[in-house]
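K.L.:
Questions regarding the structure given below will be posed in turn.
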Amino acid sequence: MMICLPEECFHVVANILFEGTKLREYTKGVENNLRKVELDSIQDYIKESDNLVLLHDQIRECDRILSQMETLLSGFQVEIGSISSDIKVLQEKSMDMGLKLKNRKINDEYMRTLEILSKKLKFVEVDPMVKASKALKDVQPELEKVRQNNLQSIQFLVHH
(Lines give C-alpha, C1' and ligand atoms only; values in the text may rest on other atoms or scores of the structure.)
Protein backbone atom coordinates (compact mmCIF):
# COMPACT_ATOMS: atom_id res chain seq x y z
CA MET A 1 0.00 0.00 0.00
CA MET A 2 1.27 3.40 -1.00
CA ILE A 3 1.03 6.41 1.32
CA CYS A 4 1.25 9.81 -0.26
CA LEU A 5 1.31 13.38 0.96
CA PRO A 6 -1.73 15.58 0.16
CA GLU A 7 0.00 17.40 -2.66
CA GLU A 8 1.33 14.21 -4.09
CA CYS A 9 -2.07 12.57 -3.73
CA PHE A 10 -3.58 15.40 -5.68
CA HIS A 11 -1.22 14.81 -8.58
CA VAL A 12 -1.85 11.06 -8.48
CA VAL A 13 -5.64 11.54 -8.46
CA ALA A 14 -5.45 14.19 -11.20
CA ASN A 15 -3.28 11.88 -13.28
CA ILE A 16 -5.71 8.98 -12.77
CA LEU A 17 -8.68 11.18 -13.72
CA PHE A 18 -6.85 12.47 -16.77
CA GLU A 19 -5.84 8.97 -17.85
CA GLY A 20 -9.39 7.71 -17.19
CA THR A 21 -10.74 10.37 -19.51
CA LYS A 22 -8.27 9.26 -22.16
CA LEU A 23 -9.36 5.66 -21.66
CA ARG A 24 -13.05 6.59 -22.05
CA GLU A 25 -12.30 8.48 -25.22
CA TYR A 26 -10.18 5.58 -26.50
CA THR A 27 -12.96 3.10 -25.62
CA LYS A 28 -15.53 5.26 -27.45
CA GLY A 29 -13.18 5.38 -30.46
CA VAL A 30 -12.85 1.59 -30.44
CA GLU A 31 -16.63 1.18 -30.14
CA ASN A 32 -17.17 3.59 -33.04
CA ASN A 33 -14.63 1.72 -35.16
CA LEU A 34 -16.33 -1.60 -34.33
CA ARG A 35 -19.75 -0.19 -35.34
CA LYS A 36 -18.27 1.10 -38.60
CA VAL A 37 -16.64 -2.27 -39.37
CA GLU A 38 -19.90 -4.03 -38.47
CA LEU A 39 -21.91 -1.76 -40.78
CA ASP A 40 -19.33 -2.21 -43.56
CA SER A 41 -19.53 -6.00 -43.12
CA ILE A 42 -23.33 -5.89 -43.32
CA GLN A 43 -23.11 -3.77 -46.49
CA ASP A 44 -20.58 -6.23 -48.00
CA TYR A 45 -22.87 -9.13 -47.13
CA ILE A 46 -25.85 -7.37 -48.73
CA LYS A 47 -23.77 -6.64 -51.85
CA GLU A 48 -22.63 -10.29 -52.06
CA SER A 49 -25.99 -11.85 -51.17
CA ASP A 50 -26.91 -12.36 -54.85
CA ASN A 51 -23.57 -14.08 -55.43
CA LEU A 52 -24.09 -16.23 -52.34
CA VAL A 53 -27.55 -17.27 -53.58
CA LEU A 54 -26.06 -18.10 -57.00
CA LEU A 55 -23.23 -20.06 -55.37
CA HIS A 56 -25.74 -21.96 -53.22
CA ASP A 57 -27.80 -22.85 -56.32
CA GLN A 58 -24.66 -24.01 -58.15
CA ILE A 59 -23.67 -26.22 -55.24
CA ARG A 60 -27.15 -27.79 -55.15
CA GLU A 61 -26.98 -28.42 -58.92
CA CYS A 62 -23.55 -30.02 -58.53
CA ASP A 63 -24.96 -32.26 -55.77
CA ARG A 64 -27.83 -33.30 -58.06
CA ILE A 65 -25.46 -34.09 -60.95
CA LEU A 66 -23.11 -36.03 -58.69
CA SER A 67 -26.06 -38.04 -57.36
CA GLN A 68 -27.09 -38.90 -60.92
CA MET A 69 -23.52 -39.90 -61.74
CA GLU A 70 -23.40 -42.11 -58.67
CA THR A 71 -26.60 -43.84 -59.80
CA LEU A 72 -25.22 -44.31 -63.32
CA LEU A 73 -21.93 -45.67 -62.04
CA SER A 74 -23.72 -48.07 -59.71
CA GLY A 75 -25.77 -49.36 -62.65
CA PHE A 76 -22.60 -49.60 -64.73
CA GLN A 77 -20.93 -51.62 -61.97
CA VAL A 78 -23.89 -54.02 -61.90
CA GLU A 79 -23.75 -54.37 -65.70
CA ILE A 80 -20.02 -55.09 -65.60
CA GLY A 81 -20.62 -57.74 -62.96
CA SER A 82 -23.30 -59.28 -65.17
CA ILE A 83 -21.01 -59.19 -68.21
CA SER A 84 -18.27 -60.82 -66.16
CA SER A 85 -20.66 -63.63 -65.22
CA ASP A 86 -21.69 -64.01 -68.87
CA ILE A 87 -18.04 -64.22 -69.92
CA LYS A 88 -17.39 -66.96 -67.35
CA VAL A 89 -20.41 -68.92 -68.60
CA LEU A 90 -19.27 -68.50 -72.21
CA GLN A 91 -15.75 -69.63 -71.30
CA GLU A 92 -17.14 -72.73 -69.61
CA LYS A 93 -19.36 -73.47 -72.63
CA SER A 94 -16.43 -72.91 -74.97
CA MET A 95 -14.25 -75.31 -72.98
CA ASP A 96 -17.10 -77.83 -72.93
CA MET A 97 -17.62 -77.51 -76.69
CA GLY A 98 -13.87 -77.85 -77.28
CA LEU A 99 -13.84 -81.03 -75.24
CA LYS A 100 -16.87 -82.37 -77.12
CA LEU A 101 -15.21 -81.54 -80.45
CA LYS A 102 -12.03 -83.29 -79.38
CA ASN A 103 -14.05 -86.30 -78.24
CA ARG A 104 -15.97 -86.21 -81.49
CA LYS A 105 -12.73 -86.27 -83.51
CA ILE A 106 -11.46 -89.15 -81.40
CA ASN A 107 -14.79 -90.98 -81.82
CA ASP A 108 -14.74 -90.40 -85.59
CA GLU A 109 -11.20 -91.81 -85.84
CA TYR A 110 -12.16 -94.73 -83.60
CA MET A 111 -15.26 -95.35 -85.73
CA ARG A 112 -13.15 -95.46 -88.94
CA THR A 113 -10.80 -97.94 -87.27
CA LEU A 114 -13.77 -100.11 -86.19
CA GLU A 115 -15.18 -100.01 -89.74
CA ILE A 116 -11.83 -101.17 -91.16
CA LEU A 117 -11.73 -103.97 -88.59
CA SER A 118 -15.31 -104.89 -89.45
CA LYS A 119 -14.45 -105.15 -93.18
CA LYS A 120 -11.48 -107.38 -92.39
CA LEU A 121 -13.66 -109.62 -90.20
CA LYS A 122 -16.27 -109.89 -92.99
CA PHE A 123 -13.53 -110.70 -95.46
CA VAL A 124 -12.50 -113.65 -93.26
CA GLU A 125 -16.13 -114.89 -93.31
CA VAL A 126 -16.67 -114.64 -97.06
CA ASP A 127 -13.28 -115.57 -98.58
CA PRO A 128 -13.31 -119.37 -99.19
CA MET A 129 -9.53 -119.78 -98.97
CA VAL A 130 -9.31 -117.97 -95.65
CA LYS A 131 -12.34 -119.85 -94.33
CA ALA A 132 -10.72 -123.20 -95.12
CA SER A 133 -7.34 -122.33 -93.61
CA LYS A 134 -6.03 -124.07 -90.52
CA ALA A 135 -4.77 -120.70 -89.18
CA LEU A 136 -8.34 -119.37 -89.06
CA LYS A 137 -9.49 -122.37 -87.08
CA ASP A 138 -6.75 -121.67 -84.48
CA VAL A 139 -7.82 -118.03 -83.98
CA GLN A 140 -11.58 -118.41 -84.64
CA PRO A 141 -12.63 -118.09 -80.96
CA GLU A 142 -10.56 -114.91 -80.54
CA LEU A 143 -11.86 -113.46 -83.81
CA GLU A 144 -15.43 -114.07 -82.63
CA LYS A 145 -14.72 -112.12 -79.40
CA VAL A 146 -13.22 -109.27 -81.46
CA ARG A 147 -16.27 -109.30 -83.77
CA GLN A 148 -18.68 -109.09 -80.80
CA ASN A 149 -16.69 -106.27 -79.14
CA ASN A 150 -16.46 -104.45 -82.47
CA LEU A 151 -20.21 -104.74 -83.02
CA GLN A 152 -20.97 -103.48 -79.48
CA SER A 153 -18.58 -100.53 -79.87
CA ILE A 154 -20.14 -99.49 -83.20
CA GLN A 155 -23.66 -99.70 -81.74
CA PHE A 156 -22.61 -97.65 -78.70
CA LEU A 157 -21.02 -94.88 -80.83
CA VAL A 158 -23.99 -94.70 -83.19
CA HIS A 159 -26.44 -94.26 -80.31
CA HIS A 160 -24.33 -91.70 -78.40
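K.L.:
Could you tell me whether any residue of the stretch 26-37 is modelled with pLDDT of 95 or more and of a type in the set (Gly, Ala, Ser)?
P.N.:
Checked the stretch 26-37: no residue is modelled with pLDDT of 95 or more and of a type in the set (Gly, Ala, Ser).
K.L.:
Separate question: Could you tell me whether any residue of the stretch 99-113 is open to solvent by less than 70 Å² (accessible area, probe 1.4 Å), at pLDDT 85 or above and in contact with a helix residue (DSSP H, G or I) (Cβ under 6 Å, 6 or more places away or on another chain)?
P.N.:
No - not one qualifying residue is present in the stretch 99-113.
The values are calculated or read from the model by the stated rules, or taken from the named source; none is laboratory data. Predicted model only: the values in this text are computed from it and were never measured. Cβ: placed from backbone, ideal geometry, glycine included. Neighbour counts: every protein chain shown. Note: accessible area is taken over every heavy atom of the protein model, side chains too, but ligands, DNA and RNA are not part of it. Shrake-Rupley method; radii C 1.70, N 1.55, O 1.52, S 1.80 Å.
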